[in-house]
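Report on the structure given below.
Coordinate-derived values only; no laboratory data. Here the structure is a predicted model, which is why all the values come from computation and not from measurement. Glycine gets a Cβ as well: all are built from the backbone with ideal geometry, and neighbour counts include every protein chain shown.
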Amino acid sequence: MADSKRKKMDGEMLLSLAPQILELLKGVQQVELENFSMEIGDLELLIPTSTAPSHRHAAAHAQKIKPATLFPERFTRTPVTFPAKIREVTLGATRAEGGSRSRTVTIGGATSPAFSDLSVPPVHPPAIALDVFDMEVPLPKVLKDNVREVMNDPAEWARMNVKKFGADLVTVHLTSTDPLFRNTNPAQACRTVDAVLQAVDVPLIIGGCGDPRKDAAVFSEIAAMAEGERLLLNSVTLEMAEAKTLEKVAVAARKNGHVLLGFTGLELNSAKELNRRLYEYLPPEQIVMDLTTVALGYGLEYSFSIHERARYAALMGDAELQHPVISASTNAWGAREAWMQMAPEYGSRELRGPIWETINALTLFLAGIDIYMMMHPAAVLTLRELVGRLNETRPVRPEAIHDWVSVRI
Amino acid sequence: MSREPINPASGQPAEKKRRKSIREISPIDVYKLLPKINCRECRESNCMAFSTRLVNGEVVLLDCPPILTEEYREAHTQLIELLAPPVRAVTFGSGPDAVTIGGKYVLQRHEFTYHNPSPIAIDLHDLMPEQELLDRVKTIGEFSYNYIGRTLSLNAIAIRCSSRDAETFRDAVKRVVAASKLPLILCAHDPHVMEAGLSACREQTPLIYAATETNWKQMAELALQYRCPLVVSAPVDMDLLRSLTKTLFEYGVEDLVLDPGTIGEEGLAVTIANFTGLRTEACRHFDELSGFPLLGIPMTVWTGSEISEDVLKWKEAITASMLLSRYADLLIMHSMDGWVLLPQMIWRFNIYTDPRKPVSVEPGLRAFGKPDRNSPVLVTTNYALTFFTIESDIKAANLDCYLLIVDTGGLSVESAVAGRYFNADSIANGLAEYNVESLVGHKTLIIPGLAARLSGDAEEASGWKILVGPKDSSGLAQFIRKRWSPGS
């Protein structure tokens, strides 16, 4: 299985090569061009370290008269409209809609790449979900300090996330259901989710343990228990399809009106394949994608590029990618630079950790993330403030920065 | 498009000549213009191989000596035209520390790859007491971080004129030049002050900041006289920026850098939209007046009314990181705090890696140091960054050990455990495939802390005793010192 996965990734990598190479690769392994032939394997792809000198203006530049006054010019953006848009997905349901939430959260709807054009503000601002866990989990000290007193009570923890930190949604991680851990049964998991549903009135995301069989069992029971609440079940995978448990979850989600989060590992073909499987069971308006968020310093650039590619392809018309996307900014804490004590010149981890999560979130914010899973209050506050700010398109006063050259600091 | 491309020679709109994007240029297009003599002076096996590497951005035209001769002058000019990046490459500084900025071919990283990682310049000003100034210069030069075996560092110094006095500025520039080889950005709006500064660093080719609506003619003269690149500054006035750019280019200053204004907080949306607009016009619509490197100045957040230094640093950090993602080819920053700079330096390194490069390393067994039959055996996944991180930690700690790299399709430990690619069977298969048993006199395997849950099954599947290692490989040295004894 690992082998086939690897081959797929190689294929994916090839797709991102310059198209002329792709052209050469089509069908044949060897190409002949006039007096030249080569094996494709000879093509080594390295990190380019230098670039061609830019002389394109030079030719037209022989003799000129120095202008005495400014040429009048206008900067205009070439209007670009994309043929497609991202689907809108609503999480949570009010009493009138068959649930018990006091408000719902709608995400998606983008019609152009995020923040590329001031005249196209986001249809829905990104939403922020804060995590709670159903058992004590190892957390970096900087995170633990904020939640220490509620860590043994998911309902209290959820309440604090909403009241104190302003969460739009709460994610309940059912970590204890892991068969290799406590193996908590689905009934217990239902009680935990029910307690959180009682404690807060925002929509919920339900996180599993990653075992394709156990998650299917747990999600199916929770789906029935919380009928109509429009939970986001985090997550369904191609491994579930392999373990033949995907259908059970997908049908339970459709029957009880919930939304599924399809999780794939930095691979757009897998994301599309998973979505195709899910379309067999439920409407596309009940699907959100997790394309994988990697920590800054550990591969965030792969997440950044996969999100840019996915969004661009979706807006250009790839219907299998026209779903809102989620990012677990909390994964930033996996980077040692986020949690480790380091030499004094690298600053205290009390600041380094939160800025790590913040920059992880903001970077993918630019790539179009619709919903975040976050933990540190400073990161949440910064993102929330920026969400507001990046929708502001009033002209700004340039004099606000006029003095940076001579300021005495 | 309402705007016509200009013909710099006549000042008249030229007929729109659709340039080919780097992705549309085939090796054949290039090959046709090369000498086709297969002389191998470029050390490639033939001209076609050279042209393939040329369109991949791995070699430059200068690597082909014959094309530079008179015989091929016309073809050379055509090749330069064909291969020029839509964003001009501009160099400042001198010697080995000189930096090149811009030279971008594409809007999005995954379309090709980004070239010329954005240098980070740190500011100082001419009214700093001498010792403070020298200390700052020293700190800028010394600040570095070892990241997966690479040294990340700061790249330039921006000297600001606070005094508004030519002599004071000249003295400060002199002191910095004597203390550092880093490229300089001279920042002053008064041309007389700028000239004094330039006269103190004739050999350094500094970047001049900045030509504005009021001083552009004098600054253009200075740029030509001292042969230095010039920043065009028109904060949040995109029409003026364009007017200045066109006028200065016509004036004969070709190495321009654009400052569309960096305004944090309430201006962040406009700032990002302006950077994105310029880069989009350059790379997607081949607009020549947008095709210059962009200067981001996160340190402008320090001119606001905020008082708390930590808040200012925080704002500077987020502004810098967003501008790195959104097309700044050069940054001027003020904070010297590691927690502000570290994420920028790492993120810069990351987005400038080649996305065409594999994300995985070859599975197999690697020996570090001089392992013997009692040395520890570790296992990890074949995700490139996981491997490089562990490799760098093992080397830093001078450990003698074996590292088994299991094929997880290039997934990290955490994802591979979740996705079941890193499991008891793949570990057992790896141990058997590479015959690890024959290399050591024990059967104890250290697995990553993040794969702790696999320990029971892995023992059963492999017949090896499993020791759960640290969650982060930075803890390996200590772990092995404390916990490792063969056969324990």
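Of note:
- Once C-alpha pairs closer than 8 Å and six or more residues apart are averaged by separation and normalised to the residue number of the range B:364-483, the relative contact order reads 28 percent.
- Average beta-carbon neighbours from other chains, 10 Å sphere, peptide B:412-419: 6
- The spacing between the range B:422-456 and the range B:29-94, judged by their C-alpha centroids, is 49 Å.
- Both numbers refer to the Cα atoms of the range A:90-389; Rg and Dmax are 18.2, 56 Å.
- Taking a ≥ b ≥ c as the square roots of the eigenvalues of the alpha carbon gyration tensor, the range B:22-83 is oblate, as a/c is not under 1.5 and a/b does not beat b/c.
- Scattering from chain B was approximated by placing one identical point on each alpha carbon and applying the Debye formula without solvent; log10 I(q)/I(0) at 0.07, 0.13 1/Å stands at -0.50, -1.19.
- Computed on the Cα trace of the range A:271-409, the radius of gyration divided by the Kirkwood hydrodynamic radius gives Rg/Rh = 1.08.
- Sites B:Ser438 and B:Ser485, calculated FRET efficiency, Cβ-Cβ separation with R0 30 Å, nearest 0.05: 0.90
- Under the convention that each Lys and Arg Cβ holds +1 and each Asp and Glu Cβ holds -1, the size of the dipole of the range A:90-389 around its Cα centre is about 340 debye.
- Gained length - A:Lys164 relative to A:Gln188, 0.36 nm times residue gap less alpha-carbon distance: 5.9 nm
- The charge dipole of the range B:202-263, taken about the Cα centre with unit charges on the Cβ atoms of Lys, Arg (+1) and Asp, Glu (-1), comes to about 100 debye, rounded to the nearest 20.
- Average partner coverage of B:285-295, which counts Cβ from other chains inside 10 Å: 2
- 10 Å Cβ neighbours from other chains, averaged over peptide A:357-364: 5
- Using a simple spin-label model with pseudo-atoms 7 Å out from Cα toward Cβ, B:Ser144 and B:Glu74 lie 5.0 nm apart.
- Magnitude of the charge dipole for the protein assembly as shown, about its Cα centre and with charges confined to Cβ atoms of Lys, Arg (+1) and Asp, Glu (-1), is about 380 debye.
- Alpha carbon centroid spacing (whole Å) that separates the range B:190-229 from the range B:459-484: 60 Å
- When both the range B:143-162 and the range B:275-348 are represented by their alpha-carbon centers, they are found 15 Å apart.
- Spatial extent of the range A:146-303: Rg and Dmax, with the Cα atoms as the point set, Å: 15.7, 44
- Over 55 Å [Cα-Cα, the protein assembly as shown], rounded percent: 14 percent
- Stokes-Einstein D in µm²/s, Kirkwood radius over Cα pairs - the range B:331-398 at 25 °C with 0.890 mPa s viscosity: 163 µm²/s
- Qualifying aspartates and glutamates (Cα of each under 12 Å from Cα of B:Lys104; at least 8 residues distant if same chain): B:Asp329
- Which listed pairs, of A:Lys85/A:Lys248; B:Lys174/B:Lys313; B:Lys20/B:Lys315, have C-alpha distances above 32 Å, in listed order: B:Lys20/B:Lys315
- The alpha carbon gyration tensor of the range B:364-483 gives principal lengths a ≥ b ≥ c with a/c below 1.5, which makes the shape rounded.
- Cβ-defined net charge surrounding A:Gly368, 15 Å radius [Lys, Arg +1; Asp, Glu -1]: 0
- When each of B:Met322, B:Met194 is scored by the number of other beta-carbon atoms lying within 10 Å, the sequence from fewest to most is B:Met322, B:Met194.
- Chain B: calculated mean residue ellipticity at 222 nm from DSSP helix runs of at least 4, using -39500 (n - 2.57): -11500 deg cm²/dmol
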